[in-house]
Amino acid sequence: MLFSFFRRQKRKTNLLLLYFLGTILAIANALPAYIQSNFLGTMFSLSWVSIFFFSANLITVFAIVFFPEMIRKIGNLASTEIILLLFIFSLLGMSLANSPATIFISFILLSVSSNLIWINMDILVESFSKNSSTGLTRTIYFTAINLGWIIAPTLSSYLINKGDYYWVFIAAALFLVPFLTILIKKRRQLQDKQRYQTGSIVKLIKKMWNNRNLRGIFFIALLLNLFFSSAVVYIPIYLHQNLGFGWNTLGIMFSIMLIPFILFEIPAGWLADKYLGEKEILSVGLGIITIALFLFFAVKGNDPWIWGGVLFFSRIGAALVEAMRESYFFKIVSAKDIDYINLFRTTAPLGYLAGTALAGIILNFYSLEYLFLFIAFMMTSGFLFIYTLKDSR
């Protein structure tokens with residue numbers, strides 16, 4: 001009994017450390033996230049910005065597919081340290097790049113490393129999680145991450161106004177230094193404790209497709225990331241370039257709009273574990289996202305209060321879907337299933353691929369706001385996938 005007590009305490013201590021690291025990592029991710037498209041837009045047309053994002057996310061998908069083999073060979077912790085170094089170099093590359101070629105290479109490296117590092121973190125968190133409290137554990141973890149996302153937009157806008165876009169990338173790189181330092185110092189504490197299972201990607205996709213729960217939550221996650229592609233890449237462009245919002249206003253708006261991720265994810269995870277399960281909350285969240293996308297299309301003015309309200313409303317839906325996506329998926333997989341975790345995390349770049357490809361087509365015929373209308377219609381397919389899920393309660 002005493003051994004069990006100390007083991008539980010050690011697990012809680014490790015989770016608290018990982019929550020803190022998640023916040024630091026989120027700040028480093030979020031600082032450039034909402035300014036990347038406008039940064040590229042200072043040098044390239046909107047069509048080329050879409051090509052940059054499409055190419056980077058296509059390469060990221062392939063990197064994620066082959067990432068399990070790297071983890072299997074050298075371990076999760078060693079691969080985390082390598083990816084962190086690549087992340088730092090990519091951010092410094094973006095800050096120093098002075099030609100289209102160097103910007104393109106740095107941008108691809110940034111996309112790959114910023115996606116892979118979250119897979120490393122997934123495995124670490126899952127290693128110290130209990131299945132009976134997965135919903136609460138994952139939502140506390142994501143709340144810690146989203147705290148970083150709330151802090152970052154205001155800091156980004158301050159850095160742009162005081163200096164330039166380049167300072168945002170430098171600041172993001174600096175935030176990764178303490179992350180890497182802590183990781184190295186706590187290496188023994190976070191060391192890999194299991195053998196990882198890998199296999200054929202074709203067989204894995206077939207297994208996932210034949211499992212209605214994995215298939216359903218995969219496509220729900222894909223739709224959520226399709227929404228994020230419009231919210232992160234094209235909404236900032238639309239508000240800044242089309243509607244004329246300055247970065248002082250946008251920084252505050254973007255920070256406030258992310259507050260629902262702090263307010264709603266932990267209660268949603270608790271409700272899913274104790275009472276409702278995930279399906280009902282997923283339906284509510286997806287409905288809110290769909291309505292918000294229609295509002296992105298319908299609202300024509302540049303009143304910051306109206307747009308702030310619409311953005312805030314959209315993130316209530318996104319927070320609920322994100323929380324239930326994590327809760328449901330990690331109830332049906334474990335830390336050793338890195339193939340499934342990697343395949344699941346391809347939904348982020350795949351969502352951005354779909355969003356940028358759709359934008360590339362739509363912008364040839366319609367103005368930018370029509371992109372949000374098309375994505376709203378696509379979101380409605382998510383209710384079918386929610387229906388196919390077996391409820392966890």
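The values are calculated or read from the model by the stated rules, or taken from the named source; none is laboratory data. Computed from a prediction, not measured in an experiment: that's the story for all the values here. Note that we place each Cβ from the backbone using ideal geometry, even for glycine, and neighbour counts take in every protein chain shown.
Does segment 380-389 contain any residue that is buried (at least 18 other Cβ atoms within 10 Å of the Cβ), over 22 Å from the mean Cα position of the chain (by Cα) and more than 14 Å from ILE235 (Cα to Cα)? Yes, that holds for at least one residue. Taking the conditions (1) over 25 Å from ALA26 (Cα atoms); (2) free of Cβ contacts under 8 Å to residues at least 40 places away in the same chain in turn, PHE313 satisfies each one other than (1).
Among the residues in segment 182-194, are any polar (S, T, N, Q), touching a Gly at 6+ places or on another chain (Cβ under 6 Å) and surrounded by fewer than 19 Cβ atoms within 10 Å (Cβ to Cβ)?
Step one: list which residues in segment 182-194 are polar (S, T, N, Q), which gives 189, 191, 194.
With touching a Gly at 6+ places or on another chain (Cβ under 6 Å) added as a condition, the list becomes none.
No, because not a single residue in segment 182-194 is polar (S, T, N, Q), touching a Gly at 6+ places or on another chain (Cβ under 6 Å) and surrounded by fewer than 19 Cβ atoms within 10 Å (Cβ to Cβ).
Among the residues of segment 57-92, those identified as touching a residue at least 60 places away in the same chain (Cβ under 8 Å) and either under 9 Å from VAL112 (Cα atoms) or outside any helix (DSSP H, G or I) (or both) are ASN57, THR60, VAL61, ILE64, GLY75, PHE87.
For segment 105-127, a tally of residues being among the charged types (D, E, K, R) and more than 13 Å from the chain's Cα centre (by Cα) returns 1.
Note on segment 230-267: among residues that are more than 18 Å from the chain's Cα centre (by Cα) and of a type in the set (Gly, Ala, Ser), the one that is surrounded by the fewest Cβ atoms within 10 Å (Cβ to Cβ) is GLY244. Here ASN98 does not qualify as in contact (Cβ under 8 Å) with a residue 60 or more places away in the chain and among the polar types (S, T, N, Q). With respect to the conditions (1) assigned to a loop (DSSP other than H, G, I, E, B); (2) modelled with pLDDT of 80 or more; (3) not basic (Lys, Arg), THR198 lacks only one, and its number is (2). Being assigned to a helix (DSSP H, G or I), within 26 Å of ALA354 (Cβ to Cβ) and of a type outside the set (Asp, Glu) is a description that does not apply to LEU159.
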